[in-house]
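**Student:** One structure follows; several queries about it will come next.
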Amino acid sequence: MPTPDRYSLSNKLTISRALVGLWQVADIEKEGEIIDPEEGATHLADYAQAGFNTFDMADHYGSAERIAGALLQRRDAATGRPVICTKWCPKPGPMTEEVVRAGVMERLERLESDKVDLLQFHWWSFEHPAWLDALHQMAKLREEGLIGEIGVTNFDAAHLHLALMDGIPLVSNQVPFSLLDRRAAGPLSDLCAKSDVRLLAYGTLAGGFLSERWIDQPEPAAISDWSKMKYKRFIETAGGWEVHQTLLRVAAKIAQKHGVSISNVATRWVLEHAAVAGVIIGARLGEDQHRDDNLRLFQFALDSEDHAALDAVFEETTPLPGDCGDEYRKPPFLTASGDLSHHLDEMPKAFEVQPVPGRPDEARVLTGSLWEDIAGYCRARRIGDRILVSGTTATAGLDRSVAPGDAEAQTTFILDKIAAALTALGASMDDVIRTRVYLTDADDVTAVSRAHGRVFGEIKPANTLLEIARLIGDYKVEIEAEALIRSRSS
């Protein structure tokens, strides 16, 4: 019998190129009935027996980790030890050694294991800088042997680049990627070509909307499961139901040509991208598990005629906005609920606002860097509707220089820090009317301008960029900003 192809993410971790995704455990259990771990493990063992021995889950996928833990205890000699990939998605806040260790130990307890093969980290808002602290702590636990390899989830190219330039040993980034959502084929794939990080693609079937079931069917009026609620928003953003039907019809012709399913075509298209190590295919435990159909992924390939036909349809669709992960971090929130209400009660602010003594109409923000107290300044100060942001460098915590030597990565971190200060004071980057950028090396102007443009491309504040002799510390760039809060017309 054929088995899924394999891929080595590192010399310590080899995965099936078709991973079994367990996100639907949460959907099955949302009414309160929990899957028996042993019964669930039996279903997973059937997958492993067919060669699908790599399982992907998360801390919020109901009891998925406990089901995988029950499977690990069976130690089936015939199939070998399964590969466990789970995700840790903490609420933004301080990521101390104790907090991170507790998060990892909870994964190990639920998995009944002394090591997580691949621990993937998700962060809800890059304005909160503690995500880098968390990844550095995870790297220490990797050295201890509690984590096999580290990955991230829903990171855009800019922040994946920042993490790599700050020394985080990443092997993967799990992101949505499909015929419907082609964002990962852009900057993320370009970055993967320059690094050892590879993509693990989910959503390849768009919650099942990329299948025979939906071809020539009316647009659904009501949707009950979270996955379809989310991907229905993707369809609407990409051009609507009729455009989606056109895509399905073209995929159906390609499927008929190769004697496979529409789902095979959709998933194979993602799998053939050089940046993709594996595709994650959801499993509803105890129901039709599609293993034989999924094995066909590795028995055919798309040819130039197939790609040309799909490319023609892509021209009729509207590209999803932004980069991967933006659906969780900025409007329009392309999530099941249309916001983050089913993930977080609220988004904690990175910095606290302080009153200004003797000036009741003013407020300021401190970020805790060493020089704020030494030199006696604040990160940002609000006076009425005006906010002034001090010159900001890529400093984490008290005095650690982030991504030394890489001006583009430092710019990404700086702009996140400025955004967090503005958010604390009741503003946003949309309110910025001026920035000033100071560079120590004019050769970095393109990289820094590109990072500045990712944030301000539509806002277009007034800007000045200067080359200067040097900056204090291991920094290549410093940025200051000014914002003016005013009403926006509808």
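The values are calculated or read from the model by the stated rules, or taken from the named source; none is laboratory data. The shown structure was predicted, so the numbers you read here are calculated from the model rather than taken from an experiment. We place every Cβ from the backbone using ideal geometry, glycine too, and count neighbours over all the protein chains shown. Accessible surface areas use protein heavy atoms only, side chains included; no ligands, DNA or RNA. Shrake-Rupley method; radii C 1.70, N 1.55, O 1.52, S 1.80 Å.
**Student:** Please enumerate the residues belonging to region 17-55 that are of a type in the set (Ser, Thr, Tyr) and either surrounded by fewer than 19 Cβ atoms within 10 Å (Cβ to Cβ) or over 21 Å from the mean Cα position of the chain (by Cα) (or both).
**Tutor:** 42, 47 - these are the residues of region 17-55 that are of a type in the set (Ser, Thr, Tyr) and either surrounded by fewer than 19 Cβ atoms within 10 Å (Cβ to Cβ) or over 21 Å from the mean Cα position of the chain (by Cα) (or both).
**Student:** Can you tell me how many residues within region 234-255 are open to solvent by 10 Å² or more (accessible area, probe 1.4 Å) and within 24 Å of residue 334 (Cα to Cα)?
**Tutor:** 8
**Student:** I'm trying to understand the selection: among the residues of region 440-465, which are in contact with a helix residue (DSSP H, G or I) (Cβ under 8 Å, 6 or more places away or on another chain) and closer than 26 Å to residue 382 by Cα?
**Tutor:** Matches in region 440-465: 451, 452, 454, 455, 456, 459, 463, 465.
**Student:** For residues in region 366-396 being among the β-branched types (Val, Ile, Thr) and over 28 Å from the mean Cα position of the chain (by Cα), which is most open to solvent (accessible area, probe 1.4 Å)?
**Tutor:** Looking only at region 366-396, we keep the residues that are among the β-branched types (Val, Ile, Thr), and these are 367, 374, 383, 387, 389, 392-393, 395.
So of that shortlist, the ones also over 28 Å from the mean Cα position of the chain (by Cα) come out as 374, 383, 387, 389.
Working: 374: 105, 383: 78, 387: 0, 389: 10 Å².
Taking the candidates together, the pick is 374.
**Student:** Is it true that residue 162 is open to solvent by 30 Å² or more (accessible area, probe 1.4 Å), in contact with a Ser or Thr (Cβ under 6 Å, 6 or more places away or on another chain) and under 26 Å from residue 340 (Cβ atoms)?
**Tutor:** For residue 162, the condition - open to solvent by 30 Å² or more (accessible area, probe 1.4 Å), in contact with a Ser or Thr (Cβ under 6 Å, 6 or more places away or on another chain) and under 26 Å from residue 340 (Cβ atoms) - is not met.
**Student:** Could you tell me which numbered condition residue 11 fails, if it satisfies all but one of (1) at pLDDT 95 or above; (2) under 21 Å from the mean Cα position of the chain (by Cα)?
**Tutor:** Every listed condition holds for residue 11 apart from (2).
**Student:** Just for region 426-454: of the residues that are among the β-branched types (Val, Ile, Thr) and open to solvent by 50 Å² or more (accessible area, probe 1.4 Å), which one is nearest to residue 331 (Cα to Cα)?
**Tutor:** Here the answer is 433.
**Student:** Output yes when any residue across region 356-367 is touching a residue at least 60 places away in the same chain (Cβ under 8 Å) and among the aliphatic types (A, V, I, L, M), and no when none is.
**Tutor:** yes
**Student:** Now a separate question. Restricting the search to region 131-144, which residues are open to solvent by less than 20 Å² (accessible area, probe 1.4 Å) and in contact (Cβ under 8 Å) with a residue 40 or more places away in the chain?
**Tutor:** 132, 134, 141
**Student:** Still on this structure: Which of the numbered conditions does residue 407 fail, given that it passes all the others? Conditions: (1) over 24 Å from residue 365 (Cα atoms); (2) touching a Lys or Arg at 6+ places or on another chain (Cβ under 9 Å); (3) of a type outside the set (S, T, N, Q); (4) open to solvent by 20 Å² or more (accessible area, probe 1.4 Å).
**Tutor:** Every condition holds for residue 407 apart from (4).
**Student:** Do we have residue 99 as closer than 29 Å to residue 346 by Cα, at pLDDT 95 or above, open to solvent by 20 Å² or more (accessible area, probe 1.4 Å) and assigned to a helix (DSSP H, G or I) here?
**Tutor:** Judged against the criteria, residue 99 is a match.
**Student:** Could you pull out every one of the helices (runs of 4 or more DSSP H) wholly within region 195-299 that has 3 or more residues that are in contact with a helix residue (DSSP H, G or I) (Cβ under 6 Å, 6 or more places away or on another chain) and without any contact (Cβ under 8 Å) to a residue 60 or more places away in the chain?
**Tutor:** On the way: elements: 226-238, 241-258, 262-271, 291-295.
Here the list reads 226-238, 241-258, 262-271.
**Student:** Across region 58-95, what is the total count of residues that are in contact (Cβ under 8 Å) with a residue 24 or more places away in the chain, open to solvent by 60 Å² or more (accessible area, probe 1.4 Å) and not in a helix (DSSP H, G or I)? Don't jump to the end; show me each part of the working.
**Tutor:** Kept after step one, since they are in contact (Cβ under 8 Å) with a residue 24 or more places away in the chain, are these residues of region 58-95: 58-74, 76, 78-80, 82-95.
Retained after the next criterion (residues that are open to solvent by 60 Å² or more (accessible area, probe 1.4 Å)): 60, 66, 73-74, 76, 78, 91, 94.
Remaining after also requiring not in a helix (DSSP H, G or I): 60, 76, 78, 91, 94.
The total comes to 5.
**Student:** Next up: How many of the residues making up region 440-490 are over 27 Å from residue 165 (Cα atoms) and hydroxyl-bearing (Ser, Thr, Tyr)?
**Tutor:** Residues flagged as over 27 Å from residue 165 (Cα atoms) and hydroxyl-bearing (Ser, Thr, Tyr) within region 440-490 amount to 3.
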